[in-house]
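First the structure, then my questions, so here it is.
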Amino acid sequence: MVLAYSGGLDTSVMVKWIQEKYPANVITVTVDVGQLDDLEEIEEKAKAVGAVKHYSIDAKKEFVTDYVFPAIKANALYEGKYPLSSALSRPLIVSKLVEVAKKEGASAVAHGCTGRGNDQVRFDVTIKSLAPDLKIIAPVREWGLTREEEIKFAEAKGLSIPCSANSTYSIDQNLWGRAIECGPLDDPNNEPPEEIFEWTASPEKAPDTPEYVSIKFEDGVPCALNGEDLDPVTLIEELNKIAGKHGVGRIDHIEDRLVGIKSREVYECPAATVLLEAHKDLEKMVLTRHEVLFKQQIDAQWTFLAYAGLWTEPLKDALEAFINKTQERVNGEVHVKLYKGGLRVVRRSSKLSLYNQNLVNYNIKTSFNQSHAEGFVELWGLPTTVFNALKNKVMLAEEPKTPPKIPKTLAIRKRKSC
Ligand code: ARG
């Protein structure tokens, strides 16, 4: 059996639990998507809790180019707020899990997702799509143990408990962001305590001078930061640091999970927040109005599929065909100003810009012929003015209605019975 192993309490306990329940050897797989964990330490842990073999797979580049970049092109913010950081990593982790399972001739794969979250959907649907013959084991969903019970189980079996086991929070992180749940955050009426933030400075303590960053986009994806061409992973790592320093990218919202639960989610996504804002801004300059407005619907649908565990859904490919066509013209540079937790696009330029200063200027004679405007307005408003003309006519024709008279006796009786 191949297990997606994070090195945390759940998946460590799982190795032992699986071995007790099934006649299986457990091979562990840790996929590096930029979670900043010590991979060697994780490998040691895996072996210590009983894994017969361990794979550490560096998938950072693939994560950015094949998962994060499509999300940028789709301006992906679930419910207008969440850049999908955890959601995007799941189908990639599954693809690596399945690859190892095939290579090792495994008959089953296991993961540590609970039955309350979205991740189980992302794991299971993607596994079933890529390798329908693999059996899926989800011990946490099955056993329903609390954290304390897991710790007791680990102690009883003589397993060394990962030091993060007593942590109040459940944290998932990768290059695209950091998700923090549980503890005091479970009450949506509690302000997130400062201690949970690791990638972003408190806006109050951020530098007093604003900082500008410029991002160059080519075919809808970022390729240079402050004029320097960077590989995709470095660009995001650098931007996480710069924007994080200014407290940019803190997100606190009520999220609708697929299983019907509303959850309070806190994220730190500095680079994602800047890149999504910059990309959206550039699109507005190079795409036509019709493209911009139609794309908003396509983007929302793409975002929902990615959130909802349907990475392998053919509709996603079809939406991407449209999105990629539009991105052929999303080339240019955007300047963003970062200051005390906030960000603003302050400049943008593109050789493919549709913005025409000659047309827009109110003060000089331009090639925009205003004499055409009157006829345009007439026809544009025609359906609406026709309706309103009818409405006014009907209202005028209607008799003013007098309220029905209630006999006095009935009115008094009614009041009494109240
Ligand atoms: N709610 C987010 C999602 O479903 C993030 C989940 C992150 N998990 C965690 N253990 N904090 O994509």
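The values are calculated or read from the model by the stated rules, or taken from the named source; none is laboratory data. Computed from a predicted structure; not experimentally measured. Quick reminder, even Gly has a Cβ in these numbers, built from the backbone with ideal geometry, and neighbours come from all protein chains shown. In case anyone asks, the SASA skips ligands and DNA or RNA and just uses the protein heavy atoms, side chains included. Shrake-Rupley method; radii C 1.70, N 1.55, O 1.52, S 1.80 Å.
With runs of 4+ DSSP H residues as the only contributors, calculate the mean residue ellipticity of the chain at 222 nm using -39,500 (n - 2.57) per run, divided by the residue total and rounded to the nearest 500.
Numbers: 15 runs with 179 residues, N = 418.
Helices in the chain give a 222 nm mean residue ellipticity of -13500 deg cm²/dmol.
Now for a different question. Solvent-accessible area per residue for the chain at a 1.4 Å probe radius, Å²?
55 Å²
Please work out how much length the chain gains when fully extended from residue 194 to residue 136, using 0.36 nm per residue of separation minus the C-alpha to C-alpha distance, in nm with one decimal.
Numbers: separation 58, 0.36 × 58 = 20.88 nm, distance 3.84 nm.
Gain on stretching residue 194 to residue 136: 17.0 nm.
How large is the direction-averaged shadow of the alpha-carbon convex hull of the stretch 1-62, in nm²? Intermediate values should be presented prior to the final figure.
Values: hull surface 15.7 nm².
Projected area, direction-averaged: 3.9 nm².
Determine the relative contact order of the chain: mean sequence separation of Cα pairs under 8 Å and six or more apart, normalised by residue count, in whole percent.
Taking the mean separation of contacting Cα pairs over the length of the chain, I get 17 percent.
Here is a follow-up. Is the shape of the stretch 105-192 best called rounded, prolate or oblate, per the rule: a/c under 1.5 gives rounded, else a/b larger than b/c gives prolate, else oblate, with a ≥ b ≥ c the square roots of the Cα gyration tensor eigenvalues?
Working: a/c = 2.15, a/b = 1.29, b/c = 1.67.
Oblate, since a/c reaches 1.5 and b/c is not below a/b.
Gain in length, residue 352 to residue 99, computed as 0.36 nm per residue apart minus the alpha-carbon separation, to one decimal in nm?
Details: separation 253, 0.36 × 253 = 91.08 nm, distance 4.17 nm.
Length difference between fully extended and current span is 86.9 nm.
Could you give the Stokes-Einstein D for the stretch 257-387 in µm² per second, using the C-alpha Kirkwood radius, 20 °C, 1.002 mPa s?
After rounding, the answer is 115 µm²/s.
Quick one: helix 371-380 against the long Cα principal axis of the chain, what's the angle to the nearest 10°, folded into 0 to 90?
Its long axis makes an angle of about 70 degrees.
Let's test the formula: R0 of 60 Å, r as the Cβ-Cβ distance of residue 241 and residue 390. What FRET efficiency results, to the nearest 0.05? Let's see the in-between values first.
Details: r = 62 Å, r/R0 = 1.03.
With R0 = 60 Å, the Cβ-Cβ based efficiency is 0.45.
Filter 60/325; 73/284; 96/152; 205/245; 262/340 down to the pairs with a C-alpha to C-alpha distance above 20 Å, please. If you can, show how the numbers build up before the last one.
Values: 60/325 26 Å; 73/284 13 Å; 96/152 31 Å; 205/245 9 Å; 262/340 30 Å.
From the list (60/325; 73/284; 96/152; 205/245; 262/340), the Cα-Cα distance tops 20 Å for 60/325; 96/152; 262/340.
Right, here's the next one. Taking all protein chains together and a probe of 1.4 Å, list 160, 95, 89 from the most accessible to the least accessible. Let's see the in-between values first.
Values: 160 80, 95 25, 89 0 Å².
Ranking 160, 95, 89 by accessible area, largest first, yields 160, 95, 89.
Rounded to the nearest 5, what % of DSSP beta bridges with both residues in the chain are antiparallel? Walk me through the numbers before you get to the answer.
On the way: 36 of 50 bridges.
Looking only at bridges with both residues in the chain, the antiparallel portion is about 70 percent.
Per 0.36 nm of contour for each residue apart, how much would the distance between residue 157 and residue 145 grow if the chain were fully extended, relative to their Cα-Cα spacing?
On the way: separation 12, 0.36 × 12 = 4.32 nm, distance 1.54 nm.
Going from the current span to full extension adds 2.8 nm.
Lysines within cross-link reach of residue 157: Cα-Cα under 24 Å, excluding same-chain residues under 8 positions apart?
16, 21, 45, 47, 53
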